[in-house]
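Enquirer: Take this structure, written in structure tokens, and hold onto it; I'll ask about it next.
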Amino acid sequence: MNSSDLVAHVAAATSMPKTAAEKAVAAAFDAISAALKSGDEVRIAGFGTFGVTKRSARAGRNPRTGETIQIAASSAAKFTPAKALKDAVNG
């Protein structure tokens with residue numbers, strides 16, 4: 001499923017026009033992104049938790065040359081599914 005499929009599904013499930021559903025989906029993604037950018041977690045009951053994890057700087061290896069390189073510290077988004085979502089996917 002891609003974003004246009006998600007918009008179509010939301011529009012059909014809520015009887016909204018596709019343009020309104022597209023704005024609603026975009027607003028939800030923007031709200032999640034803004035919360036993660038500010039360092040907050042986003043918990044959606046029955047779905048899961050979006051959070052930010054820190055990756056420390058480390059040494060890596062260039063696969064082409066075998067040369068050792070330094071990989072800078074970074075932050076990454078993570079998602080932890082809720083039990084209800086895990087059960088729905090596995091059952």
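Enquirer: If I model a spin label as a point 7 Å beyond the Cα along the Cα-Cβ vector, how far apart are those points for residue 59 and residue 76 in nm?
Expert: Result for the modelled spin labels: 2.1 nm.
Enquirer: Moving on to the next point. Can you tally the net charge around residue 53? Count Lys and Arg as +1, Asp and Glu as -1, for every other residue whose Cβ sits under 12 Å from the Cβ of residue 53. Don't skip to the end; give the middle numbers.
Expert: On the way: positive: 54, 55, 78; negative: 41.
Surrounding charge for residue 53 is +2.
Enquirer: State log₁₀ I(q)/I(0) for the chain at q = 0.17 Å⁻¹ as given by the Debye formula over alpha-carbon point scatterers of equal weight, solvent excluded.
Expert: Treating every Cα as an identical point scatterer, log10 I(q)/I(0) equals -0.91.
Values quoted throughout were computed directly from the atomic coordinates according to the rules given, and no laboratory measurement underlies them. Just so it is clear, the model here is predicted, and its values are computed rather than measured. Using ideal geometry, Cβ is built from the backbone for each residue, glycine included, and neighbour counts are taken over all protein chains shown.
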